[in-house]
Each structure stands twice: as C-alpha cells, then as structure tokens.
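Quick notes on the structure that follows.
Bear in mind that the values in this text are calculations on the coordinates, not laboratory data. Given the structure is predicted, the values throughout are model-derived calculations rather than measurements. With ideal geometry, Cβ positions are generated from the backbone for all residues, glycine too; neighbour counts draw on all protein chains shown.
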Amino acid sequence: MFQLPALVALTQQLKRNARLEAALNLLDWDQETLMPVGAARSRAAARGELAELIHRRYSSEEFGRLVAAAEQVAAAESDRRAPAFVREVRRRFDRRTRVPAELAEELARVTSEAQSVWQRARAANDFAMFRPYLEKNIAVRRRMAEHLRAPGQSLYDALIDEFEPGTKAADIQRLCAAVRPGLVALVQRYGPICALARVDFLSRSFPPATQRAFGELLLRGIGMDFERGVIGQSAHPFCTSIGAPSDVRVTTRYRDNDLKPALFGIIHEGGHALYEQGFAPAEEGTPLAEAASMGIHESQSRTWENIVARSRPFWRHYLPKLKEAFPGTLDDVDVDTFLRGINVVRPSLIRVEADEVTYNLHIMLRFELEQRLFDGTLPVAELPREWNARMQADLGITPPNDTLGVLQDVHWSTGAFGYFPTYFLGNLYAAQFYETAERELPGLAAKIERGQLAPLREWLRERIHVRGAITPAAQLCREVTGRELDPAGLLRYLEQKLGDIYR
Ligand code: ZN
C-alpha cells in the first residue's frame, strides 16, 4: 500500500477508471453468453459510448499529470514496488496517447467490418473475399505501430509489445529455432506409435449436463473460488474478469459425443481464472492486479490443462470419478489407455485441436508469416499459398481448402497481430515454472495423485499471481526459476512424458 499522496491519488484514479471498465467487461460477458441477437446493434452502441469514456479517462491531461506527479516521488516511496508500478502505468498511458484518436477509431471500424467478412469468408471457403479487409487491417496496424515503436523496435516488435511487453520478434525467433528440430523429431518418433492408440472412448455419448457438473468438480478441485467466479457457456471458450480478483468468469462449450473440448477447455480456462483470482484483492483495478503478459497468462492455463490434467497422477485420482459421473461409459478404459488417448501426437490442420507437440509448430508458422506480412516480404495475396507450403513442410499435410487453412483463426480479422507467439511462450514458461515447482515441492506428483492440488496452486499464487503486472515476464522467469527462459525445458518435459506414456 502506497503512502505518498501522489501515489495514493494515482491509485484512486486507476480504481475509479476500473469501475467503468468493469461495466464494459460485464457487457462483453453478457454479449458472449446470454445476449439475444437482436440486441447486437444497441449493445455495440452502448459499448462504444462506454469505451470512449474510459479512453478519455485514461488519456486525459489530468490523468497524465497524476502519472507525472507519481513519477517524481516513486523512488522515495516506502513501498518498494512504487517505481515499477508507475513505470507500468506510464507504459499504458503512452500506448494510449501516442496513437491519434482518428487512427484508433479507424482500427475499430476496419476490424469490426473485417470480422464479419471473415466469418462469411471462412464459411464460404473464400479467401479472396477476406483479402482486401485483411490488407486494410494490416495497413492500419502498421500505421499504429509507427506511432508506438520505440527506438530499435521493428513495426512487428511494437505490436508484440502490447501483449508481451519487452519481448522482441528476434527473441521469439531464437526460441523457435531452438525447439523446432526437437519438436519435429518427436512428431516423427511418436506419430506412428500414437496412430495405434485407442481414442474411440473419447467420442462416446457424454450428456452435456453431466459434462458441466464434472467440469465444475474439476475447477473446484484445482481451487477455483466460486464465491468469486462462475462457469458460463459460449460458442468459443474464454476466461474474463469483470474485475480481478473479485469476479472472474470462465465459459466452455459442450459436444455430446466428444469429451475432450469441454474437459480440457474448462481446465484451460480454469488455469487462467486461478491466475486472475490470485491477484491481491486490495490492488484490484491497478497493474498490481493484472497479468504480467499474455505469455505468462497462457503459462498458467497450460500448466493446468497440459502438465497437470494430461498427467498420470492426475488421472489416477480423477479417472474413477469420471467413470462414476458417466456410469457404464468408460468401463473398458484404464489409466494407461486413457492417458494414451488424451496425449496422441498427430499432425492436424486445426491449431485449437492440436496436441501439445504440434501445437507449437502451428504457432511458429503463424509467427513467421506475421513477421513477413509486417516487414513487407509477404503480400497478402500470397498468404494462402505460403500457409499451405509451410503446413506441408512442417507437418507433412496440406489443407484441402482455406477454411481449414489460412482462414481458421479469428485473430487477424480482429487486428491482433503479434498475439500468436504468446501461446508458444506460454508453453515454454509453463514447462520451466513447473520444473521449478517440482524441485521446490517435494512429492508433488504423489500429492496430485491424492487429489491434493492446493500446494501447486499456492506455489503459483505466491510466486507468480500476487505479483501482478509490475514484474516483466523475463524478469519474473529469472526470479521464479533462477534462470533465463530456456527452451530446452519444454523438450525435456515432452520427451519425458511421451516416453513414459508410450513406452
Ligand atoms: Zn488460453
């Protein structure tokens, strides 16, 4: 808690702004879960009005004066977090105020058009329909990046910086190069073995109401607090906070004859929720109760979804409960069979359905294409051809059409360039954090096997969650694990796991 008046004043203003943001977040949550379609136009108008008000608050001269006054005294504050806190507020203020208002409005306009065209283009398998809108999105993002970039940053770096502060494309490039050969080798080694694994039991009949109840059991198991959280349903699963840590929400979707999407989707979102519920309550509305980066956020969801919930100890505890929930459905499935079925490594077309190994190759493809779209070496017209060529080279398969290829992801239609690499970074951070947790929590696997997930959750909370956004991701990694981000950790984790499951 800050003592100096300038810091107290800045904190109070941040909290007031956050109350308006909470209203906007609630409108968004409602839009994705319950809003009737007929309300789309009036909802968009309400959102726009509120978003403008929030933007004005955060970019006003008055707010700028509060930031400057806090900067003057931060070093003298007894709470040692003050300089980093103010640096974060300044970073956000600069990002908001450097882009001219007309350009920000143009982005909102072109991306909202592009999104609806993308939906139609994807359904019709018609890249040519989407192409001019994608070109416009890229052009507007380039102009924004011109305003945002710091000395030494490329345009693409400036876009990555929004999601992964301090990380450059060159850093990601280096990490990709370090793990790609190992990932390709894993696919070649385990692909043929996995092709023999039984997966039939995952597509039996699983009534959605029971899937929902089991999902809640799992989220309670990993420690999501339902006094401060709810589970909803939406077309695409997500986690959002109305205000973190006091109101954190997740959604999932259910398929009658496929257990995996809801099961792993809800644990994934639950991992995100644990992060946001783990922020310090007194700091709500400030950078002390926000994520360090999207990569760190993703490391939390993937820790729970992949490292914990696709592991042997976890299913030794939960498979009997799953069988109990769906009586008679999984009688012929033991833990080994179940594990092999949920850990199949197989090149596939769709990123969101990919396994833990090939997923990273899907991201590398997108990352490299984005880099070239922004350095001007890849015209949008050539994107489908390049996409397919890379799929063939990396995964050995060519999409039969653009719907299952270059049109599959929503990101580019929303103008979110530079977001994809955060998924890959999340996998790397998750593996390295978990190695450290295993070292510092003796008997962790045995605890998980007994259903005791609190020790891991509390470790993550204490080491990562409560620190909020004021420790940059790279520094957080060094402080939590004692080392720079080392891509070899992901390969060690995957090799050990697949070796154990498919031995
Ligand atoms: Zn996620």
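Structure values in brief
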{"quantity": "Gyration tensor (alpha-carbon) shape descriptor, the range 147-239, a/c threshold 1.5", "calculated": "oblate"}
{"quantity": "Neighbour-count ranking [beta-carbon atoms within 10 angstrom, fewest first] of SER116, SER311", "calculated": "SER116, SER311"}
{"quantity": "Spatially proximal aspartates and glutamates relative to LYS15 (Cα-Cα < 17 Å; intrachain offsets below 8 disregarded)", "calculated": "GLU62, GLU88, ASP247, GLU276, GLU283, GLU284, GLU290"}
{"quantity": "Cα shape, the range 356-403, gyration tensor, a/c 1.5 rule", "calculated": "oblate"}
{"quantity": "Expected 222 nm ellipticity per residue - DSSP helices of 4 or more, -39500 (n - 2.57), all of the chain, to 500", "calculated": "-20500 deg cm²/dmol"}
{"quantity": "5 angstrom amide H check on GLY229, placed H, neighbours 5+ away", "calculated": "VAL248"}
{"quantity": "DSSP bridge orientation in the chain - percent antiparallel, rounded to nearest 5", "calculated": "50 percent"}
{"quantity": "Set of the range 462-500 residues, backbone N closer than 19 Å to the point 7 Å along the Cα-Cβ line of ALA282", "calculated": "462-471"}
{"quantity": "Vicinal HN-Hα couplings computed from phi for the range 322-328 (Karplus, 6.51 cos²θ - 1.76 cosθ + 1.60; Hz; Gly/Pro x)", "calculated": "5, 5, 5, 5, 10, x, x"}
{"quantity": "Where labels lie 7 Å past Cα in the beta-carbon direction, separation of ALA393 and GLN12 in nm", "calculated": "5.9 nm"}
{"quantity": "Fewest-first ranking of CYS176, CYS477, using other Cβ atoms within 10 Å as the exposure measure", "calculated": "CYS176, CYS477"}
{"quantity": "GluC sites (Glu not before Pro) within the range 215-321: DSSP coil, no more than 16 neighbouring Cβ in 10 Å", "calculated": "GLU227"}
{"quantity": "Inter-label distance, nm, simple model (7 Å from Cα along the C-beta direction), LYS260/ARG96", "calculated": "4.2 nm"}
{"quantity": "Lys, Arg +1 and Asp, Glu -1 on Cβ, resulting dipole of the range 137-226 about Cα centre, debye, nearest 20", "calculated": "320 debye"}
{"quantity": "FRET efficiency for VAL199 and GLU382, using Cβ-Cβ distance with R0 set to 41 Å, rounded to 0.05", "calculated": "0.65"}
{"quantity": "Part-to-part distance (alpha-carbon centres) for the range 438-482 and the range 128-173, which is given in Å", "calculated": "32 Å"}
{"quantity": "Estimated dipole of the range 262-412 in Debye, rounded to 20 [Cβ of Lys and Arg +1, of Asp and Glu -1, Cα centre]", "calculated": "440 debye"}
{"quantity": "Tensor-based shape of the range 268-376 (alpha-carbon gyration tensor, a/c under 1.5 rounded, otherwise prolate or oblate)", "calculated": "oblate"}
{"quantity": "Most positive-pole-ward Cα, ALA139, ALA169, PHE338, against dipole of the chain from beta carbon charges", "calculated": "PHE338"}
{"quantity": "Contour excess over end-to-end distance, with Cα ends at ALA454 and ARG483 and 0.36 nm allotted per residue", "calculated": "7.9 nm"}
{"quantity": "Of LYS323/LYS497; LYS168/LYS447; LYS321/LYS497, pairs whose Cα-Cα distance is over 28 Å", "calculated": "LYS168/LYS447"}
